[in-house]
1. Give the relative contact order (percent, whole number) for the stretch 231-375; include only Cα pairs under 8 Å separated by 6+ residues.
2. Rounded, prolate or oblate for the stretch 24-226? Axes are the square roots of the Cα gyration tensor eigenvalues, ordered a ≥ b ≥ c, and the cut-off for rounded is a/c under 1.5.
3. Enter the Cα centre distance for the pair the stretch 324-373 and the stretch 58-133, rounded to the nearest angstrom.
4. Looking at the chain, send over the antiparallel percent of its DSSP beta bridges, to the nearest 5.
5. Subtract the Cα-Cα distance of L412 and R31 from 0.36 nm times their separation in residues, and report this length gain in nm to one decimal.
6. From Cα pairs below 8 angstrom and at least 6 apart in sequence, can you work out the relative contact order of the chain, rounded to a whole percent?
7. Classify the stretch 231-375 as rounded, prolate or oblate from the Cα gyration tensor: take a ≥ b ≥ c as the square roots of its eigenvalues, call it rounded if a/c is under 1.5, otherwise prolate when a/b beats b/c and oblate if not.
8. Most mobile of G208, G411, G41 per a Gaussian network model of the chain (Cα springs, under 10 Å)?
Amino acid sequence: MEVFINPSPSTWDALCQRPTADNSVVTERVRAILARVKEKGDQALRELSLEIEGKPLEAIQVPEDVIEKADEKVSPEVKRAIQKARENILTFHQAQQPREIRVETAPGVTCIQRPLPIGRVGLYIPGGSAPLFSTVLMLAVPARLAGCPEVVLCTPAGKDGSISAEVLYTARLCGVDRIFQLGGAQAIAAMAYGTESVPRVDKIFGPGNPYVTTAKQILSADTVAIDMPAGPSEVMVLADASTPAAFAAADLLSQAEHGPDSQVMLVCDAADTCDRILAQVERQTSALPRSAIALEALKKSRALVMPQEEERIVFANLYAPEHLIIATENPWRIADRITAAGSVFVGPYTPESAGDYASGTNHTLPTSAWARSFSGVNLDSFYRKMTLQEITREGLKGLSDTIINMAQAEGLQAHANAVKVRTND
């Protein structure tokens, strides 16, 4: 990690930059994949499986007997962990239930906002080197809680050609209707356009590699809604003299091991705090099974020493991290002033991995400073809110002058006439 001591505010924008890569090749390839799936449907999915993964796609939809057998392959300990995490996620999201709003804004004028579940949602679950069955919980639990009529899921097979038993078990536990053995941009295309086997969905959720992310972004322009813009995972840790160095280092590495394009940020009060934590980072990295991945991520990461607490807060809001860990002596003093973060972890005993798995909050969060304008996935993500209104004859008379004057001022006479024809005796 590169270290910056008391950096000038003039450099903060540059220090907030995420790792960038030339995605022109990825974008070109993704557009070609999308076009093929749109034109040829299942045939394209089978061809792409051979071309990209080097193996035939025998069954696009995972058979029911395969899903049932997955139950036998998941250990009792993991099952209990999944069930406990599901309970906590369900409890937290249940409290977010929206309600219908009905207001009489003026005599005889009734306005209503009604929450309605999205009809069919598609969940993408990465399944490469780390099959994220925890993401099934984070997406399927609120989808079912919201009452979405149909929930479908796409996930790729692993290197051995099979889908993670934990993913299949969790999907079944959470009430996913259909599971498809599809990955990459072609899976996103299949859910966006629909094929002979895969139904077209109204909204796509879930993280993925650059091909998945690029496909979602392209398709969101004119074909399907998506959960949010998202990029590589990231975390920021705010630390001071009271922060246990081992805790902070473990938190930084928990994100660095996600992928070589992840970024972790350490923001400290003093140089000795920074030195203690970085020494622990080096020590813990060597013991990680995914140390090579973590080391690549650390090359793109930064440690900052900022003596003034006010500056640390301003910088944290400017960076707007996906995950923000406040492991300082008075963490709530800082937390109450944070305005831009995907999810905030307060106090030394609140690791980021708790939110990733089991505390109850959702781990599908905005990255790349999108936390300034986007929320993470929550129950509202699976609803659309429709407004209704009913106006009595007397109510329209009360509004008529207002509507007519505004419509005529905008040069829209037909708008004015729609009121006049109803109120002119």
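Laboratory data are not the source of any read-out in this text; all were calculated from the coordinates shown. This one's a predicted model, so the numbers in the text were calculated from it and none came from an experiment. Note that each Cβ is placed from the backbone with ideal geometry, even for glycine, and that neighbours are counted across all protein chains shown.
1. 27
2. oblate
3. 22
4. Taking every DSSP beta bridge within the chain, about 30 percent pair in antiparallel fashion.
5. Computed gain between L412 and R31 is 133.0 nm.
6. Relative contact order here is 20 percent.
7. It comes out rounded by the Cα gyration axes.
8. Among G208, G411, G41, the largest GNM mean-square fluctuation belongs to G411.
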